[in-house]
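The values are calculated or read from the model by the stated rules, or taken from the named source; none is laboratory data. Predicted model, so just to flag it, every value in this text is computed and none were measured. Ideal geometry is used to build each Cβ from the backbone, glycine not excepted, and the neighbour counts take in all protein chains shown.
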Amino acid sequence: MTTKNEELITRLRNSLEKANITLKLKARIEEDMSSVLDILKDLTSDSIDYYIMENSPVIPLYKDCSKLLRLKKKSNSDYSSGMILFGFSINDSTGYPLQLETESEYFECSDVDEMKECIVFIIENKSIDIMKLISEDSDFIPF
């Protein structure tokens, strides 16, 4: 094999390995988001559910986000009757920085700890809306 071919093989191998690492990181980012939302589910006695969805068709308030994280009351099967907690975009080539966005705020997270802190901050700011969602059509407060 010629030196040029070996160079090409090495470049392609490195590119594929980097892409694989990035895909794994992107999946882990969504798993880390889910770990925070699972805590919220536990704290509300499993009264809510969440779903990560593509932002398509694009919702104008979240036009810069590729995905949305929606909450709904667990007993309701329709996510559209719930609420959008935040939108986010994962960097396609590196995973981080990650952008999180609410209707009125924008966050750029450089790592998993910063992302989790931002999600908790968003939940704190939307806690009244979350409790309204849970107690909709009911006097039930889960704790």
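Brief remarks follow.
- Looking across the range 58-79 at every residue that is modelled with pLDDT of 90 or more and over 21 Å from E105 (Cα atoms), the one that is surrounded by the most Cβ atoms within 10 Å (Cβ to Cβ) is identified as K73.
- Top-ranked residue in the range 58-101 [being among the hydroxyl-bearing types (S, T, Y) and within 15 Å of the chain's Cα centre (by Cα); ranked as farthest from S47 (Cα to Cα)]: Y96
- Check on E117, outside any helix (DSSP H, G or I), within 21 Å of S127 (Cβ to Cβ), at pLDDT 90 or above and not basic (K, R): no
- Taking the conditions (1) crowded, with 16+ Cβ neighbours inside 10 Å; (2) under 30 Å from E17 (Cβ atoms); (3) in contact (Cβ under 8 Å) with a residue 24 or more places away in the chain in turn, S93 satisfies each one other than (1).
- Complete set of residues in the range 33-48 that are surrounded by 15 or more Cβ atoms within 10 Å (Cβ to Cβ) and in a helix (DSSP H, G or I): M33, V36, L37, L40, K41
- Test result for A19, among the small types (G, A, S), in a helix (DSSP H, G or I) and more than 15 Å from the chain's Cα centre (by Cα): yes
- Of all residues in the range 1-32 being of a type in the set (V, I, T) and closer than 20 Å to S110 by Cα, the one that is surrounded by the most Cβ atoms within 10 Å (Cβ to Cβ): I29
- Residue satisfying condition, being small (G, A, S) and in contact with a Phe, Trp or Tyr (Cβ under 7 Å, 6 or more places away or on another chain), within set S77, S104, S110, S81: S110
- Members of the range 49-74 found to be in a helix (DSSP H, G or I) and hydroxyl-bearing (S, T, Y), listed by number: Y62
- Taking the conditions (1) within 30 Å of S15 (Cα to Cα); (2) under 11 Å from the mean Cα position of the chain (by Cα); (3) not charged (D, E, K, R) in turn, C109 satisfies each one other than (2).
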